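The structure appears below as structure tokens.
The values are calculated or read from the model by the stated rules, or taken from the named source; none is laboratory data. Remember, it's a predicted structure, so these values are computed and weren't measured experimentally. Here the Cβ positions follow ideal geometry from the backbone for every residue, glycine too, while neighbour counts run over all protein chains shown. With ligands, DNA and RNA removed, areas are computed over all heavy atoms of the protein, side chains included. Shrake-Rupley method; radii C 1.70, N 1.55, O 1.52, S 1.80 Å.
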Amino acid sequence: MPVLTYLEAIRQGLWEEMERDERVFLLGEDIGVYGGAFKVTEGFLERFGEERVIDTPISEAAIVGAAIGAALVGLRPVAEMQFIDFISIAFDQLTNFAAKCRYRWGAGVPIVVRGPCGGGVHGGPFHSQNVEAYFFHTPGLKIVEPATPYDAKGLIKAAIRDEDPVLYFEHKYLYRRIRGEVPEGDYIVPIGKADIKRLGRDVTILTYGWMLHKSLEAAEIVAQEGIEVEVVDLRTLLPLDDETILSSVAKTGRAVIVHEDTRTGGIAGEIAMRINERIFEYLEAPVVRVTAPDTPIPFSPPLEEFFLPQVEEIVQAVRWVANY
Amino acid sequence: MEETLTREQLLDMYYYMKLTRMVEERLQRLYRQGKIVGGLYRSLGQEGESVASAYALEEGDFLAVMIRNLGALFVRGVRPWEVFTQYMGKGTSPTRGKDNIVHFGSVERGIIPPISHLGDLIPVMAGIALASKMQRKRSVALTYIGDGGTSTGAFHEGLNFAAVLKLPLIVIAEDNGYAYSTPKHKQMAIENIADRAIGYGIFGETVDGNDVIAVYHATRRAVERAREGLGPTLLEVKTFRMRGHAEHDDAWYVPRELLEYWQKRDPILRLETYLKEHGMADETDFEAITHRIEQEIEADLQYAEQSPMPDPRIALEGVYAETPSVSEVAPLPREHAVRTRS
Ligand SMILES: Cc1ncc(C[n+]2csc(CCOP(=O)(O)OP(=O)(O)O)c2C)c(N)n1
Ligand SMILES: [Mg+2]
């Protein structure tokens, strides 16, 4: 099977969807001639032409708003945010327009809004954010964040084919650092399905994005001490895959939730509450979380490293719940 | 009657333009040596408009820059060490490593730092202008926006708001041909950004952005109107981005002829020519200024290079006026880790 980078897998998924369905088109800043700030859409303009690969003005609200409009009448727009931080400008279009159309008047808004998220590259406070929590609170939206090339391709295809608005967050730290086997041709990774990336019986780690890789490293370390960690990659953040989450935690009785996003109001809080509500009797230890602290993400490497959850912290958290 | 700029003022502007260029050249070397953290955005070819517009302000006025306005910061009193430490993420930098590039300032110095989100400064500077009016002060607020940044909703809302309330706001719109890889004609369906002024009911003017004297006078006029209560100005400066969007970008999409055209109109060379033709200065004056800048840069760079990186715990400071006490509900691993990590 071909080995692709995370970025190449996203590109391949997008490409195949554009080949498959002529209703699919791309819009965003510098995505055509330049091929995107991170080169995800390199070569698309040449293949699919200006009508389906649209270089737009710097107008995120209009990019998403226009995507919504086009989707309402039958097209399948994929909008790029140059950095996911700028999605804040389209917040209203997403949370009020896109998310509420179906509920109010039965009209689906099959758009995808995708863009690079996350830290680790010293991008500073406005080029490193994780924005899932702002949208996690909005019924009507779906949110996915792949961690592997396989999932990246399968999820972009699922997102494009979905009948509702999907936010597709791609972690910029993983773009060229993570490689993996990606089948040629068509397959999808269903939205709403988590994936067990490592089997174990003692502790469950629930995580996504870059933190999947750190969690797998942590699992490897504690395995030497005889702690067998099951690592669940959420892949879809909204709607959460309760079944996979709860059955894994019920099995191990111990859960550590790891996310790069900040702590308060982060997704970990919701997951912990679901565990508490549904399988409290199965727990052998309190559910704990390893997250970034409640601050903006700082720029300078020592500060950023301190801010970002580290493997060692995950290891400590796992030991703590294992020995509780 | 328009004032004439004195020799001293012109040489002063020359110093700031040259300082900007030489600091950026130094940054470029550091960038290649891997000594700066993150990207480097140059203002090569645009030093004139930044310097001249900021030079038209007075003590007590407020200025907010975008990524290509380093020169304006120098006019407001920023020194090279602040820029070097910012780019290196040092603990001695104005933001103590929390933010990068020209994202620093202080209300006391009349410098409001931008966020990356283009356009967002304009409503904020309108608010500063509003407060100036409410507090019966003479201060005006000046900020910049690129041709690309004018496509944002915030640009429109901010200008319209300032227009309706007749606020002392000056927006310098920099038409430098491109927004990242996007040429101006894909950004707007008009030729001159200043044409939008009509739609807002405010003053608009387009000037040659590489002619510092023209930019200075045009900004001066805008400042005077603002102080007289005549409201905002949208002042467009025509200039050109002579490098890529940032140093990672070789700008292959910019036609060579355009670069050649603008190279001949370099703002520093033009001021030199003007000064020479008017018998105000000659090569020895320019060399003396250059020499002085070299020394200033060396000293400041040395300080920046010797400065330590920030203590990691600074990451936790300054989110609120008062640091909230960390809740001690359980010995949660993160808190534990934070406390024990050196
Ligand atoms: C709202 C928003 N969208 C996208 C970006 C990413 N971005 C940073 S600079 C830039 C181009 C800006 O062009 P322009 O305003 O013309 O300024 P210039 O770089 O030419 O000085 C883009 C797209 C951003 N900073 N803010
Ligand atoms: Mg521009």
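Cross-link partners for B:K184 among the aspartates and glutamates, with Cα-Cα distance under 15 Å and sequence neighbours closer than 8 places in the same chain left out: A:E29, A:D30, A:D55, B:D147, B:E174, B:D175, B:D195, B:E236. When the Gaussian network model of chain A links Cα atoms closer than 10 Å, the mean-square fluctuations of A:V40, A:V64, A:V112 top out at A:V40. The B and A chains share an interface that buries close to 3700 Å² of accessible area, total over both sides, probe 1.4 Å.
Of the whole protein surface, A:R198 contributes about 50 Å² of accessible area at a 1.4 Å probe radius. Here region B:145-165 and region A:5-55 have alpha carbon centers that stand 30 Å from each other. Helix A:242-252 sits at what angle to the longest principal axis of chain A, using alpha carbons and giving 0 to 90 degrees rounded to 10? It is inclined by approximately 20 degrees. Think of each Lys and Arg Cβ as +1 and each Asp and Glu Cβ as -1; about the Cα centre, that makes the dipole of region A:64-189 roughly 80 debye. Among the residues of region B:127-153, those with an accessible-area drop of 20 Å² or more from chain alone to full protein complex, heavy atoms and 1.4 Å probe, are B:S151, B:T152. Can you flag which of A:K142/A:K193; A:K172/B:K35; A:K100/A:K142; A:K153/B:K186; A:K153/A:K197; A:K214/B:K35 are past 20 Å Cα-Cα? Check vs 20 Å cut-off fails for A:K172/B:K35; A:K153/B:K186; A:K214/B:K35.
By the helix-only formula, in which each DSSP H run with n ≥ 4 contributes -39500 (n - 2.57) and the sum is divided by residues, the protein assembly as shown has a 222 nm mean residue ellipticity of -12000 deg cm²/dmol.
Please check: in the Gaussian network model of chain A (C-alpha springs, under 10 Å), which one of A:A90, A:A152, A:A71 has the largest mean-square fluctuation. Residue with maximal mean-square fluctuation among A:A90, A:A152, A:A71: A:A90. When only the Cβ of Lys, Arg, Asp and Glu is charged (+1, +1, -1, -1), the dipole of the protein assembly as shown relative to its Cα centre reaches about 800 debye.
For the segment B:165-175, counting C-beta atoms of other chains within 10 Å of every residue's C-beta and taking the mean gives 0. Simple point charges give the picture: +1 on the Cβ of Lys and Arg, -1 on the Cβ of Asp and Glu, and for region A:195-322 a dipole about the Cα centre of about 160 debye. Highest mobility in the GNM of chain B, judged by mean-square fluctuation with C-alpha springs under 10 Å and restricted to B:P232, B:P168, B:P255, is found for B:P255.
Determine the shape class of region B:7-311: with a ≥ b ≥ c the square roots of the Cα gyration tensor eigenvalues, call it rounded for a/c under 1.5, and otherwise prolate if a/b is greater than b/c, oblate otherwise. It comes out rounded by the Cα gyration axes. Legend: residues in region A:8-55 shielded by at least 50 square angstrom of accessible surface upon adding the remaining protein chains to the isolated chain (1.4 Å probe, heavy atoms) are A:D30, A:V33, A:Y34. The fraction of accessible area contributed by carbon and sulfur in region A:3-181 is 54 percent, rounded to a whole number (1.4 Å probe; ligands and nucleic acids excluded).
What number comes out for the charge environment of B:Y180, summing +1 per Lys or Arg and -1 per Asp or Glu over other residues with Cβ under 9 Å away?
-3
Accessible area of region B:168-298 with a 1.4 Å probe: how many percent of it is carbon plus sulfur? In region B:168-298, the share of accessible area belonging to carbon and sulfur is 52 percent.
Under a 5 Å amide H cut-off, with hydrogens placed 1.01 Å from N, A:I205 pairs with A:E230, A:V231, A:V232, A:V256 among residues at least 5 apart or on other chains.
P(r) tail, region A:80-196: Cα-Cα pairs separated by more than 21 Å, 40% of all pairs. Here the contact order of chain B, divided by its residue count and restricted to Cα pairs under 8 Å and six or more residues apart, works out to 21 percent. Can you give the direction-averaged projected area of the convex hull of the alpha-carbon atoms in region B:108-147, in nm²? Dividing the Cα hull surface by four gives the mean projection, 3.1 nm².
Would you please put B:306-313, A:103-110, B:277-284 in order of how densely packed they are, using the mean number of other Cβ atoms within 10 angstrom per residue and starting with the highest? Don't skip to the answer; put the middle values down first.
Numbers: B:306-313: 15.2, A:103-110: 13.4, B:277-284: 11.1.
By packing density, highest mean first, the sequence is B:306-313, A:103-110, B:277-284.
As I understand it, the dipole of chain B uses +1 on the Cβ of Lys and Arg and -1 on the Cβ of Asp and Glu, about the Cα centre. Which of B:V212, B:L10, B:A315 lies farthest toward its positive end? About the Cα centre, the residue reaching furthest to the positive side is B:A315.
Comparing B:A281, A:M81, A:F38 along the charge dipole axis of the protein assembly as shown, the residue lying farthest to the positive side is A:M81, per the Cβ-charge model.
For A:I178, the amide hydrogen comes within under 5 Å of the amide hydrogens of A:Y6, counting only partners 5 or more places away or on other chains and with H modelled in the peptide plane.
From the alpha carbon centroid of region B:70-140 to that of region A:235-264 is 42 Å. Between amide H atoms placed 1.01 Å from N, distances below 5 Å from B:L118 occur with no residue 5 or more places distant or on a separate chain.
Accessible area per residue for the protein assembly as shown is 40 Å², calculated with a 1.4 Å probe on protein heavy atoms, without ligands, DNA or RNA.
Straight Cα distances below 18 angstrom link B:K264 to the lysines B:K18, B:K238, B:K276, with same-chain residues fewer than 8 positions distant left out. Farthest towards the positive end of the charge dipole of region A:85-161, among the residues A:C117, A:C101, A:T148, is the Cα of A:C101, using unit charges on the Cβ of Lys, Arg, Asp and Glu.
Keeping the other protein chains in place, figure out the carbon and sulfur percent of the accessible area of region B:55-162, with a 1.4 Å probe. Show your work: numbers first, answer last.
On the way: 2030 of 3560 Å².
Carbon and sulfur atoms account for 57 percent of the accessible area of region B:55-162.
Using a cut-off of 14 Å between beta-carbons, work out the net charge of the residues near A:G106 (Lys and Arg +1, Asp and Glu -1, A:G106 not included).
Working: positive: A:K100, A:R102, A:R104; negative: A:E163, A:D164.
My count for the surroundings of A:G106 gives +1.
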